[in-house]
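A short write-up of the structure that comes next.
The values are calculated or read from the model by the stated rules, or taken from the named source; none is laboratory data. Every value quoted in this text rests on a predicted model; they were computed, and no experiment measured them. Methodologically, a virtual Cβ is constructed for each residue, glycine included, from the backbone with ideal geometry; neighbour enumeration extends over all protein chains shown.
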Amino acid sequence: MNMRLPSKKFLVGMFSILAAIAILLTVVPAAYAESSGPLSPIPGFGRIPNEALIRMHKQEGGWFNDQDALIKKANQLSVNFQTLIDAEAKAGKNVSILQDTLATFDSELSASKDIHGQAGNIIFSLVGWRSTGDIKDRLAAGQSLLDGRAALQDANFRLTNAMPALEKGFNMWRASRIHPANTTPGPTQDCISSDILPCPVFP
């Protein structure tokens, strides 16, 4: 029987887009070699020149903006997923797998948003920086770079783990529609039905 599954076209494209962006955002701004000048050392960076700190600060700002765009796409994915759930539930389908999957994804997305917001507060604050983007305090500026980077990495880690889990749940649900569970036990052993694999049929 040829089953019509419009949901495949509905979401698979966005999964691939989000995965590609998430992989791109795992690239961390590169560390710079220590300078031989009389600059004061910064924990985690050494005697890095001010120009390098400023360059890294701009890179982190760019990474924040890229991650912000990713989170917006993830928000839209959540909306699309809920639309799918509502449509399938209205049609009388079992949507428990989808509901559980989306609940987990939304929880991780919410945590990622909070951490992303913390990263923005750190990166775009004036602690250690002048409004012109120049260095005001080397030690404070260096620490803000380390803290901002750590927050961005944490937010990205949550998203890059949540998205494959969402896709896995979606694929499990699709498989359960293509191969509905057969709950009829065999003559010689009990059968525990699975959402993915049908129970075996004994002769």
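Six or more apart or on different chains, Cβ atoms under 9 Å: show the pairs whose first residue is in region 50-63 and free of Cβ contacts under 8 Å to residues at least 60 places away in the same chain and whose second is in a helix (DSSP H, G or I) and surrounded by 16 or more Cβ atoms within 10 Å (Cβ to Cβ).
If the second residue must be in a helix (DSSP H, G or I) and surrounded by 16 or more Cβ atoms within 10 Å (Cβ to Cβ), no pairs are left.
Can you tell me how many residues within region 35-83 are outside any loop (DSSP other than H, G, I, E, B) and either in contact with a Pro (Cβ under 7 Å, 6 or more places away or on another chain) or not small (Gly, Ala, Ser) (or both)?
Number of matching residues: 29.
Just the residues that are touching a residue at least 24 places away in the same chain (Cβ under 8 Å) and under 15 Å from residue 157 (Cβ atoms), please, taken from region 99-113. Before you say what the answer is, go through the steps one by one.
Residues of region 99-113 that are touching a residue at least 24 places away in the same chain (Cβ under 8 Å), as a first pass: 100-102, 104-106, 108-109, 111-113.
Selection gives 105, 108, 109, 111, 112, 113.
Of the residues that sit in region 84-110 and are in a helix (DSSP H, G or I) and touching an Asp or Glu at 6+ places or on another chain (Cβ under 8 Å), which one is surrounded by the fewest Cβ atoms within 10 Å (Cβ to Cβ)? Reasoning before the result, please.
First pass over region 84-110, keeping only residues in a helix (DSSP H, G or I): 84-90, 96-110.
Adding the requirement that they be touching an Asp or Glu at 6+ places or on another chain (Cβ under 8 Å) leaves 97-98.
Details: 97: 20, 98: 23.
Once the filter is applied, the top-ranked residue is 97.
Any idea how many residues of region 67-124 are at pLDDT below 95, basic (Lys, Arg) and under 18 Å from the mean Cα position of the chain (by Cα)?
The total comes to 2.
For (1) in a loop (DSSP other than H, G, I, E, B); (2) charged (D, E, K, R); (3) at pLDDT 90 or above; (4) surrounded by fewer than 16 Cβ atoms within 10 Å (Cβ to Cβ), each residue gets a yes or a no:
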| residue | (1), (2), (3), (4) |
| --- | --- |
| 148 | no, no, yes, no |
| 161 | no, no, no, yes |
| 169 | no, no, yes, no |
| 175 | no, no, no, yes |
| 184 | yes, no, no, yes |
| 193 | yes, no, no, yes |
| 199 | yes, no, no, no |
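Mind listing whichever residues of region 121-140 are outside any helix (DSSP H, G or I) and either aliphatic (A, V, I, L, M) or under 15 Å from residue 49 (Cα atoms) (or both)?
Within region 121-140, 126, 127, 128, 129, 133, 134, 135, 136, 137 meet the criteria.
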